[in-house]
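Below: one structure, written as structure tokens.
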Amino acid sequence: MKRVAVIGTGQFGQNHARVYAETATVELIAVCDINPQVGQTVAAKYEVPLLTDFRVLIGKVDAVSLATPTISHHEIACELLNAGIAVLVEKPIAVTLAEADKMIETARRNNAVLQIGHLERFNPAVIAATRIATFPRFFEGHRLSVFTPRSLDIDVVMDLMIHDLDVVLSLVKSDVAEIRASGVPILTPKIDIANARIEFANGSIANLTASRVSAERIRKLRFFQPQQYISIDYAAQEASLVGVTYSAEGRPEFENRMLAVECGESLKLEIQSFLAALDGAPVETTGADGRRALALASGIVEKIKEHAERAGVPFVG
């Protein structure tokens, strides 16, 4: 039985602890948080010790979920990976590409599993759509959320848009050729709403909008490929297809159907994948995947800064 722990007991960490506690093949041995007032409630709920120093876990666990603020991902992950401990780190992988590179190299050098928590890759609707993706040419994505006081250490691109960036990158499999982007702060000093237009070297285009200051929650991605249009509703875990084929006489025949989706909790599927990787299965969202998403998100933020400067608007964040 694998021994696991959760570092960081905020909203995401609490869910990781819950899933581990519900998984018969692992033993949740501790939770860790530098704020004992926050961590103690989670520790008591699952009847495990609360640690305030993650280093105490070295030699006592096989794997951890790392759900701390992004600024600490690099330091904590590298120490654990150096000890041969598998790490599932919440997105984004790190603050900078140099930090991401160090994490990836540390995992490689120590033959340790490093998986990035790009949760939407495990969304059953995304899995269903991925199975029929051929050559996606155009994406339209909207990820809108009401304001909540969480993840305010990062902007909306790193917080929300990065989910769609990772899904798009997994489907396009081509280098980024051009980025155009704009965004503004509304309720925080950082970017709260953003739009990005991404053109890939193979000609595919993605137009994505993310907001954490909206009046409603919308999480949808649509993409067009030759003779087909696929729509994904992340929240409802639904995916649909509209397609056209032509008869021998050249008449168009239209198809409109829901894709078969095996609904389930994305986080449970993600953690199952992580645990399988401990036994030798391929890592499904690798450090390299996390780095690509971070690189694209960082490029979008830089373009937003440039756009603000051209407009004569001081950029904050």
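The values are calculated or read from the model by the stated rules, or taken from the named source; none is laboratory data. Keep in mind it's a predicted model, so treat the numbers as computed, not measured. Because the Cβ atoms are built from the backbone with ideal geometry, glycine has one as well, and the counts that use them run over all protein chains shown.
For first residues located in the range 229-240 and part of a loop (DSSP other than H, G, I, E, B), partners that are of a type in the set (A, V, I, L, M) and lie 6+ apart or on another chain with Cβ distances below 6 Å form the pairs 237/125; 237/261.
Is it the case, given these coordinates, that residue 166 is crowded, with 20+ Cβ neighbours inside 10 Å, under 17 Å from the mean Cα position of the chain (by Cα), in the same structural domain as residue 143 (by TED's automatic domain parsing) and of a type in the set (Asp, Glu)? Yes; evaluated as a whole, the condition is true for this residue. Scanning the range 214-229 for residues that are farther than 26 Å from residue 193 by Cβ and in contact with a strand residue (DSSP E or B) (Cβ under 6 Å, 6 or more places away or on another chain), we see that the one that is surrounded by the most Cβ atoms within 10 Å (Cβ to Cβ) is 228.
Listed conditions (1) among the β-branched types (Val, Ile, Thr); (2) without any contact (Cβ under 8 Å) to a residue 40 or more places away in the chain; (3) closer than 26 Å to residue 12 by Cα; (4) buried (at least 20 other Cβ atoms within 10 Å of the Cβ) are all met by residue 156, apart from (2). Restricting the range 142-172 to residues that are part of a loop (DSSP other than H, G, I, E, B) and in contact with a strand residue (DSSP E or B) (Cβ under 9 Å, 6 or more places away or on another chain), which is farthest from residue 288 (Cα to Cα)? Among residues in the range 142-172 that are part of a loop (DSSP other than H, G, I, E, B) and in contact with a strand residue (DSSP E or B) (Cβ under 9 Å, 6 or more places away or on another chain), the one farthest from residue 288 (Cα to Cα) is 145.
Going by the conditions given, is residue 249 in contact (Cβ under 8 Å) with a residue 24 or more places away in the chain and outside any helix (DSSP H, G or I)? Answer is no for this residue.
Counting just the residues of the range 230-263 that are under 17 Å from the mean Cα position of the chain (by Cα) and surrounded by fewer than 18 Cβ atoms within 10 Å (Cβ to Cβ), which one comes out farthest from residue 87 (Cα to Cα)? Among residues in the range 230-263 that are under 17 Å from the mean Cα position of the chain (by Cα) and surrounded by fewer than 18 Cβ atoms within 10 Å (Cβ to Cβ), the one farthest from residue 87 (Cα to Cα) is 233.
Whether a residue is under 19 Å from the mean Cα position of the chain (by Cα), in contact (Cβ under 8 Å) with a residue 12 or more places away in the chain and farther than 30 Å from residue 225 by Cβ was assessed, and residue 118 does not pass this test.
Close Cβ contacts (under 9 Å, 6 or more residues apart or on different chains) running from residues in the range 195-206 that are on the phi > 0 side of the Ramachandran plot to residues that are at pLDDT 95 or above and in a strand (DSSP E or B) comprise 203/177. Of the residues making up the range 13-25, at least one is at negative phi and either over 24 Å from the mean Cα position of the chain (by Cα) or in the same structural domain as residue 159 (by TED's automatic domain parsing) (or both).
Among the residues of the range 211-228, the ones that are touching a residue at least 60 places away in the same chain (Cβ under 8 Å) and closer than 23 Å to residue 128 by Cβ come to 11 in all. Quick check: is even one residue across the range 45-64 under 25 Å from the mean Cα position of the chain (by Cα), under 30 Å from residue 160 (Cβ atoms) and β-branched (Val, Ile, Thr)? Within the range 45-64, one or more residues are under 25 Å from the mean Cα position of the chain (by Cα), under 30 Å from residue 160 (Cβ atoms) and β-branched (Val, Ile, Thr).
Among the candidates 312, 280, the residue that is within 30 Å of residue 182 (Cβ to Cβ), without any contact (Cβ under 8 Å) to a residue 12 or more places away in the chain and in a loop (DSSP other than H, G, I, E, B) is uniquely 312.
For the range 97-104, indicate whether the set of residues that are small (Gly, Ala, Ser), in contact (Cβ under 8 Å) with a residue 60 or more places away in the chain and over 22 Å from residue 57 (Cα atoms) is non-empty. Yes - at least one qualifying residue is present in the range 97-104.
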